[in-house]
Protein chains: 2
Amino acid sequence: MKYEKDVTIYDIAKSLKLSAATVSRGLRNHPTINKHTRKEIIDTAKEMGYRSNSFASSLRTKKTNTIGVIVPRLNSYFVASVLAGMEDVSYKEGYNLIISQSLEKVEKEVFNAHTMFNKRVDGLLISLAYDSINIDHLIPFFKKNIPVVFFDRTSQNNESTSILIDNYKAAYETTKHLLDNGCTRIMHLAGNLLRNVYAERLQGYKAALKDHNIIFDEALIYTSKLDEEAGYSAADYILSLQADKRPNGVFSANDTAAVHCMIRLKSAGVVIPNDIAFAGFNNDPISKVIEPNLTTINYSGYHVGEAAALSLINHLKGTTNIKTTNTIVLRADLIIRDSSVKK
Amino acid sequence: MKYEKDVTIYDIAKSLKLSAATVSRGLRNHPTINKHTRKEIIDTAKEMGYRSNSFASSLRTKKTNTIGVIVPRLNSYFVASVLAGMEDVSYKEGYNLIISQSLEKVEKEVFNAHTMFNKRVDGLLISLAYDSINIDHLIPFFKKNIPVVFFDRTSQNNESTSILIDNYKAAYETTKHLLDNGCTRIMHLAGNLLRNVYAERLQGYKAALKDHNIIFDEALIYTSKLDEEAGYSAADYILSLQADKRPNGVFSANDTAAVHCMIRLKSAGVVIPNDIAFAGFNNDPISKVIEPNLTTINYSGYHVGEAAALSLINHLKGTTNIKTTNTIVLRADLIIRDSSVKK
DNA sequence: TTTATTTTTGTAATCGGTTACAAATTAGTA
DNA sequence: TACTAATTTGTAACCGATTACAAAAATAAA
């Protein structure tokens, strides 16, 4: 078991009879280095199998070229797409991602934020856990001027940029679409209203109702975690309602809840969309599998990830200032499928 | 904009009138430190808001407490679950993950492996890209004795551990199940046979046929990328076959292809399972949404991730030796749903 | 040729922990 | 009390790259 010793700039320096400082500069294309010398340095470096020691460098420069990412959970299609977008951008720009999940729990989010802080990430990308009430755990970042970019599940504050879609508008349009298609009693499957995304979707829903002169009915709001189980429970709730109290349309804040609600209702004999029309949110792969296919809001996780990473990196490189760019709103489109068009 | 200077062990040392060495030892529970002194050190560290500088530490110890992960793509449910499992274990053990995706391309996989190597990860977790032919790009790791653990898409070699399921057995059982349910001509939707997982599934399929005295028919093997598009194409292929050449059962190497193939066939009037029975692989969320629900192999990505990370970390901590533990086989179960039970 | 400039390279300190080895302190024993 | 052994703490070098400042070399101007 032979460990070949790592090649350092000193080895290169010795081999070229130069000083380590010159080698260091040469490798980084420092302007004061003679181009001929630089070429020699780079060539020998390659030849000797040199690889830069990022710790030595980070220790000295206090830059890590690492971005921390905290997501609610890794195993969701949307989050996976977001990460894919972030990864693409980051690698191109020479940054690495350290990824962690809060599992929707505040405590883990706090813990992860601490870890990221201690690992001295250059910046942080975060989507808040289901029930994070405040962002006190990010104060150390703000204090040290480490940029933080929120995406999707954001938090209003002046210290950082947020990447999101116009949830209000998307929800408004979706609700309007249901109304235009003959729905008169629309139930809304809502998420935790602490989270901007869910609060805004609810607002958009309410606004659309109001504009169509429909009185908002608290009994038609079903708040949950929006997971499979919640979808089933929502269906049970609907089935438990008296016939005249039942909704004839459902707008769910995500596809998972919508789809599983549909499944349960269908097995109970409810006909979709004629008895109850459905619309979801996210354009998850399952929305194209359920029958009838689910009308939903298409909202590219990949682009969210790209935008978030890009925004952070631009700030790190000094191109833009994070405090002036407060919010970036991405496009989201209503995709109309069979689940919402009554025949 | 005030940057408070970071607290170092020297600051703590000065404040306690001790040497930095003692502080360093105290913080790491070194045995030669007096418990009373240790307590004082830890208390003042907390009080002063000390956070250890991992670069200084890594520079000296040549350990990074970071594990590199390379996956084919981030945006799949299976991969996301694997990462969730890895993340859980790693964080508990004090390791961070650096995650990257090869996007199924060899070149990016090679590039990512280089980056990981340069970032000096303590170990590497990798699932190979769709068409990686060899693992030459991992040679630097082997040479430097940096442990590598393969998961799912593995590669046979003596240098590293592999985490997988018994694909052969799972495929055998699935095929047998279809045969037992009256299928006589079973088509197999295969993936790239360079990848162990797909090659073994094909072998299991073949073996089951043989044991049931059914002659293997090359025309019933449809090799593809197993994505949505491939599912549709497979359906088109089936529909293009003469009635007597059509399969009455399909065993797909993943759920995505199976489900989309089903969708297209259904819209062409094919009745599932009576005309054609279906079985997939992975237990993706869509398998529970498609109608009829898809029979599939349940195979916990989470556990794969856990096992892979644990195996690597145990090796790093010296608990086990990666060269002796060559393969870890995880449980996989056939879940029988309506898509395969003819009535 | 001499002096002033501009280019290019070198010196040495620094970043913050870690650790081999030495020194000092305390405990144990005769 | 004197001396040996065990605990505890300190000294100083080191990990490898970066950079302020100094010095040397090359070029231009007088």
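Looking at A:Ile139, is it of a type in the set (A, V, I, L, M, F, W, C), touching a strand residue (DSSP E or B) at 6+ places or on another chain (Cβ under 7 Å) and within 13 Å of chain B (Cβ to nearest Cβ)? So A:Ile139 does not fit the description; no.
One residue is enough: does the range B:264-275 have a residue meeting the conditions among the aliphatic types (A, V, I, L, M) and either within 12 Å of chain A (Cβ to nearest Cβ) or in contact with a Cys (Cβ under 6 Å, 6 or more places away or on another chain) (or both)? No, that holds for no residue. Checked against (1) more than 16 Å from DNA strand D (Cβ to nearest atom); (2) buried (at least 17 other Cβ atoms within 10 Å of the Cβ), B:Phe117 meets all criteria but (1). Checking the range A:217-224 against the condition returns a match, with at least one residue being over 16 Å from A:Arg337 (Cα atoms), in a helix (DSSP H, G or I) and at pLDDT below 95.
One residue stands out in the range A:25-37 among those that are of a type outside the set (Val, Ile, Thr) and under 43 Å from the mean Cα position of the chain (by Cα): the one that is surrounded by the most Cβ atoms within 10 Å (Cβ to Cβ), namely A:Gly26. Looking only at the range B:167-196, which residues are assigned to a loop (DSSP other than H, G, I, E, B), on the phi < 0 side of the Ramachandran plot and touching a residue at least 40 places away in the same chain (Cβ under 8 Å)? Selection gives B:Asn181, B:Cys183, B:Thr184, B:Arg185, B:Gly191, B:Asn192, B:Leu194, B:Arg195.
Considering A:Ile336, A:Ile328, the condition of being surrounded by 17 or more Cβ atoms within 10 Å (Cβ to Cβ) and among the aliphatic types (A, V, I, L, M) is satisfied by A:Ile328 alone. The residue list B:Ile238, B:Ile276, B:Ile263 contains one member that is under 18 Å from B:Asn293 (Cβ atoms) and surrounded by fewer than 24 Cβ atoms within 10 Å (Cβ to Cβ), which is B:Ile263.
Among residues of the range A:45-69 that are without any contact (Cβ under 8 Å) to a residue 12 or more places away in the chain and under 16 Å from B:Asn53 (Cβ atoms), those with a beta-carbon under 9 Å from a residue that is assigned to a helix (DSSP H, G or I) and near DNA strand D (Cβ under 7 Å from one of its atoms) at least six positions away or on a different chain give the pairs A:Phe55/B:Ala56; A:Phe55/B:Leu59; A:Phe55/B:Arg60; A:Ala56/B:Leu59; A:Leu59/B:Ala56; A:Leu59/B:Leu59.
Residues in the range A:117-136 that are touching a Ser or Thr at 6+ places or on another chain (Cβ under 7 Å) and away from every other protein chain (no Cβ under 13 Å): A:Leu128, A:Ala129, A:Ile135. Checking every residue in the range A:71-93 against the condition of being over 17 Å from B:Leu74 (Cα atoms) and within 33 Å of the chain's Cα centre (by Cα) gives at least one match. Only one residue in B:Asn29, B:Asn53, B:Asn75 is within 12 Å of DNA strand C (Cβ to nearest atom) and either under 24 Å from B:Ser155 (Cβ atoms) or modelled with pLDDT of 90 or more (or both). Which one? Answer to the check: B:Asn53. Quick check: is even one residue across the range B:49-63 within 17 Å of the chain's Cα centre (by Cα), buried (at least 16 other Cβ atoms within 10 Å of the Cβ), more than 9 Å from chain A (Cβ to nearest Cβ) and more than 16 Å from DNA strand D (Cβ to nearest atom)? No: the range B:49-63 contains no residue that is within 17 Å of the chain's Cα centre (by Cα), buried (at least 16 other Cβ atoms within 10 Å of the Cβ), more than 9 Å from chain A (Cβ to nearest Cβ) and more than 16 Å from DNA strand D (Cβ to nearest atom). Would you mind stating whether A:Lys14 is of a type in the set (Lys, Arg), farther than 25 Å from A:Val148 by Cα, free of Cβ contacts under 8 Å to residues at least 24 places away in the same chain and away from DNA strand C (no atom under 12 Å from the Cβ)? Against the criterion (of a type in the set (Lys, Arg), farther than 25 Å from A:Val148 by Cα, free of Cβ contacts under 8 Å to residues at least 24 places away in the same chain and away from DNA strand C (no atom under 12 Å from the Cβ)), A:Lys14 does not qualify.
For the range B:260-300, enumerate the residues that are over 22 Å from B:Leu193 (Cβ atoms) and assigned to a helix (DSSP H, G or I). Across the range B:260-300, the qualifying residues are B:Met262, B:Ile263, B:Arg264, B:Leu265, B:Lys266, B:Ser267, B:Pro285, B:Ile286, B:Ser287, B:Lys288. Criterion first (within 12 Å of another protein chain (Cβ to nearest Cβ) and more than 30 Å from A:Asp244 (Cβ to Cβ)) does A:Ile146 satisfy it? Yes.
Selection of the range A:86-95 for residues being buried (at least 23 other Cβ atoms within 10 Å of the Cβ) and at pLDDT below 95 yields A:Glu87, A:Ser90. Annotation note: of A:Thr44, A:Thr22, A:Thr66, the sole residue that is more than 12 Å from DNA strand D (Cβ to nearest atom), away from chain B (no Cβ under 12 Å) and surrounded by 18 or more Cβ atoms within 10 Å (Cβ to Cβ) is A:Thr44.
The values are calculated or read from the model by the stated rules, or taken from the named source; none is laboratory data. The structure displayed is predicted, hence computed values, not measured ones. Glycine gets a Cβ as well: all are built from the backbone with ideal geometry, and neighbour counts include every protein chain shown.
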